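Notes for the one structure printed next.
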Amino acid sequence: MNIGVVIDNELNDDKRVLREIQILKEAGYGIFVLCFGFNNRNYKTIEGITVTRIRISKKLKDFVFFFLNLIPAYEWLWRARIKKFIEANRIEFLHVHDLYMSKAGRKGIEKSGKKIPMILDLHENYPYAVTTYNWTKGFLRKLISRPFAWQKKEKEYLGYSDVIIVLSDDFRDALTERYPELRNKKFISFPNVPDISHREPDKQVRVKITVDKSKTLIFYFGVVAERRGVFDVIDVFRQLAKENHPSAFLVIGPVDKKDRERFYSAVNSELLAGRIYYIPWIDLSELSSYLDISDICIAPFHKNPQHESGVANKIFDYMLGKKPVIASDCRPQKNLIEKYNCGIIYSNSDEMKSAIIKLSADASLRAGMGENGNRAILKELNTSAVRENLLRIYSI
């Protein structure tokens, strides 16, 4: 059976899509992928699959996508290419990633004249998430990109699918509560758990910072932005610095453009000197080296519909690295951390501060929670444990 995977990025760095492809490939399916190729870049070959790339400049792609709700040229482009993709590769299932690609996928199927099922894979709560992106903010940008239109279009775009993949049962329940008619659709939960069976050896690299080993090191990995709660952590560290608490904060990841001035001001402030370490980017293979020098990891995401849709990749990475996790009370991550007793949940800044102080003072507690999280990943929270959820789709 030939499965067509449609993703509007470059594929090679999309961990979730690559995990799913690996599972399907191992099950004996023929995998064909339609994706972008930006700016004449060369891409590493992925063994065992056939990749067709739509060659386009990244700027042009972003420009056309920006106008999607005003002039749907983005959908027209994908609809035409999906039609050809289905015909050329004799696709029998179409697996489309992200809500905004759903209509193009369905119309591409119709244009091909084939009657094949379409799976819609939701990576996020897009109607909410798009309203938080910087490119949709400001009067003129909002007027053109119309981010709030997706709240009205969500039901229509979900309806184009035959099967819907979600990050968590919580997100499935939220969708079916909002749209009761979806209860007749087939849902599959496929969380962002790691693929430990194909995990390449991590690079043991020399870290790019020299840390004060007398301080407990709290680590955040990911995009730096207000919505991610990073500034809440910084505010707590200001309090801890005034109290001369022996702790420091390591941040690795790019900073949202609108938050750069605020973030760099904090990093370079006199009060936080020697208490915040910042690295703009590392290769994922280097992550374990930074987990090794850290004592605690933190997931301070603001509680909102996007962060209630599933558990972020980084939390599973923290758990695999045997680190206790301090996390905000977004429901999916709260349920996960409490179930496996691998960290502490907080509801406000005072509780976050208390969690940092408690874990900083108790190495035994840190080690125990870290072991609990690692054990959960190895036994339950990995692609080998959830692969049947994905494979069941293709028995319809």
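The values are calculated or read from the model by the stated rules, or taken from the named source; none is laboratory data. Treat the numbers as computed from the prediction; the structure is a model and nothing was measured. Using ideal geometry, Cβ is built from the backbone for each residue, glycine included, and neighbour counts are taken over all protein chains shown. Note: areas computed on protein heavy atoms with side chains; ligands, DNA, RNA excluded. Shrake-Rupley method; radii C 1.70, N 1.55, O 1.52, S 1.80 Å.
Tabulated values for the structure
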| read-out | value |
| --- | --- |
| Total residues in the stretch 285-343, condition part of a loop (DSSP other than H, G, I, E, B), open to solvent by less than 10 Å² (accessible area, probe 1.4 Å) and within 16 Å of L167 (Cα to Cα) | 2 |
| Single condition L11 does not satisfy, out of (1) open to solvent by 10 Å² or more (accessible area, probe 1.4 Å); (2) under 20 Å from the mean Cα position of the chain (by Cα); (3) at pLDDT 95 or above | (1) |
| E351 being assigned to a loop (DSSP other than H, G, I, E, B) and of a type in the set (D, E) | no |
| Among (1) modelled with pLDDT of 95 or more; (2) over 24 Å from F249 (Cβ atoms), the one test that Y318 misses | (2) |
| Test: F32 is open to solvent by less than 50 Å² (accessible area, probe 1.4 Å), in contact with a Gly (Cβ under 6 Å, 6 or more places away or on another chain), of a type in the set (A, V, I, L, M, F, W, C) and not in a helix (DSSP H, G or I) | yes |
| Selected residue (only one of E380, E338, E351 is free of Cβ contacts under 8 Å to residues at least 12 places away in the same chain and within 28 Å of A241 (Cα to Cα)) | E351 |
| Filter result for R16 (out of contact with any Phe, Trp or Tyr (no Cβ under 9 Å at 6 or more places or on another chain) and surrounded by 14 or more Cβ atoms within 10 Å (Cβ to Cβ)) | no |
| Answer from V211, V224 - the residue that is open to solvent by less than 20 Å² (accessible area, probe 1.4 Å), aliphatic (A, V, I, L, M) and in contact with a strand residue (DSSP E or B) (Cβ under 7 Å, 6 or more places away or on another chain) | V224 |
| The stretch 264-284, residues that are open to solvent by 20 Å² or more (accessible area, probe 1.4 Å) and part of a loop (DSSP other than H, G, I, E, B) | N268, S269, E270, L271, A273, G274, P280, W281, D283 |
| Unique residue being surrounded by fewer than 17 Cβ atoms within 10 Å (Cβ to Cβ) and at negative phi when the list is D195, D170, D232 | D195 |
| The stretch 67-116, residues that are assigned to a helix (DSSP H, G or I), open to solvent by less than 30 Å² (accessible area, probe 1.4 Å) and closer than 26 Å to K152 by Cα | Y74, E75, W78, I82, L99, Y100, M101, S102, A104, G105, G108, I109 |
| Whichever residue in the stretch 47-66 is open to solvent by less than 40 Å² (accessible area, probe 1.4 Å) and of a type in the set (A, V, I, L, M) and, among such residues, is farthest from Y100 (Cα to Cα) | I49 |
| Among residues of the stretch 117-152, those that are within 29 Å of E20 (Cβ to Cβ), open to solvent by 20 Å² or more (accessible area, probe 1.4 Å), touching a Phe, Trp or Tyr at 6+ places or on another chain (Cβ under 9 Å) and among the hydrophobic types (A, V, I, L, M, F, W, C), counted | 1 |
